[in-house]
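Reading through the C-alpha cells given below for one structure.
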Amino acid sequence: MSELSPEQRLWDLMRGALATRALGVVGELGVADALAGGPRPVADLARETGADADSLRRFLRALASDGVFAEVSPGVFANTAASELLRTGGDWRDFAHLFGTVWHRAAGELEAAGEATFPRLYGADFWVWLAAHPDERAAFDRAMHGGRGGGADRLAAIGWRGDETVVDVGGGNGSLLVALLARHPGLRGIVFDLPETNRDEASFGERITFVPGSFFERVPPGDVYVLSGILHDWPDDQAAGFSAASAAGHRTTAGSSRSSR
C-alpha cells in the first residue's frame with residue numbers, strides 16, 4: 001500500500017467528521033440489516049427505514065466511496081464486509097451510534113479554552129447523563145462488549161495461581177470476566193461498576209457476581225484487580241490515585257485502551 005500524501009492525509013482527517021455522522025445515521029436506521037438479504041434499490045431502503053430517498057442515497061454513496069456499502073448499480077446498494085459489522089447484534093452499530101450522535105456533537109464544540117463541552121451541551125457529565133438515559137447506557141455497554149476476546153487471551157496468559165478472585169473494575173457488562181473465567185475454571189470474578197450498567201447476569205454463572213459502586217469511593221476485596229480501558233477516562237491525578245489504591249497489597253493488571261467506563 002502506498003504512503004498517503006500529506007494532502008490526502010489532511011483531506012481524510014478533515015472529512016472524517018462527515019463520515020462519522022453518516023455512519024451514525026445509517027446505523028440508527030438499520031440499513032445494514034435491511035440489506036442482509038442482498039442488494040436493494042435505495043427507494044426500497046428509504047421506505048423501509050423511514051428515510052428520505054435522496055438523502056439516504058447521498059449517505060450511502062459517500063460511505064461506499066470508503067468501502068462501507070457498495071453501489072452495485074445506479075441507486076442499488078449492497079452490504080460489504082465493513083457494513084456487515086453495522087448489523088444488529090454487533091458492537092460496531094452501537095459505536096457508530098455513539099460516535100455519530102452525542103460524541104459527534106460534543107467533539108464539534110471542542111476548543112482550546114479548557115472547558116469540557118459535554119456538560120455544557122447536555123447538562124451533566126457523560127456518566128451522569130448515561131445514568132439518566134437507559135437506552136444510551138445500554139448502547140454504551142453493548143459497544144464496550146466488543147473486542148474482549150483478545151483482552152481475555154492476554155489476561156489468561158498471566159501466571160495465575162488458579163484460585164484467585166478477580167475484580168474487573170469498571171467491568172461493564174462483564175464480558176471480559178466471562179471470557180477469562182472460561183479459560184481458567186478455578187478463578188472467581190467480581191464485576192464492579194455503576195449500578196445502572198446494562199448487563200446479562202444470567203451469563204455470569206455461579207462464579208461471577210456483580211457489585212455496584214463507584215471506584216472513586218471503594219473497591220470490593222479481591223486478589224487481582226483488572227483495570228481494562230478505564231484510566232484514560234479520567235484526569236491524571238484521579239487515575240494515578242485510584243490505580244495506586246487498587247494496587248496496594250494486591251496484583252493489578254492493565255487492560256486495553258478501549259474504554260469500558
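Data overview
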quantity: Spans of helices (runs of 4 or more DSSP H) in the range 1-66 with at least 1 residues in contact with a Ser or Thr (Cβ under 8 Å, 6 or more places away or on another chain); calculated: 16-29, 31-34, 53-64
quantity: All helices (runs of 4 or more DSSP H) inside the range 92-154 with 3 or more residues being more than 14 Å from the chain's Cα centre (by Cα); calculated: 102-108, 117-122, 126-131
quantity: Count - residues of the range 75-91 that are part of a helix (DSSP H, G or I) and not acidic (Asp, Glu); calculated: 3
quantity: Which listed residue, of Asp125, Asp141, Asp135, is surrounded by 19 or more Cβ atoms within 10 Å (Cβ to Cβ), at pLDDT below 95, within 30 Å of Ser214 (Cα to Cα) and of a type outside the set (S, T, N, Q); calculated: Asp141
quantity: From the options Ala19, Ala36, residue that is in the same structural domain as Arg61 (by TED's automatic domain parsing) and in contact with an Asp or Glu (Cβ under 8 Å, 6 or more places away or on another chain); calculated: Ala19
quantity: Residues that are surrounded by 10 or more Cβ atoms within 10 Å (Cβ to Cβ), modelled with pLDDT of 90 or more and not basic (Lys, Arg), drawn from the range 1-11; calculated: Gln8, Leu10, Trp11
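The values are calculated or read from the model by the stated rules, or taken from the named source; none is laboratory data. In this text the structure is predicted, and so the values were computed from the model without any measurement. Glycine gets a Cβ as well: all are built from the backbone with ideal geometry, and neighbour counts include every protein chain shown.
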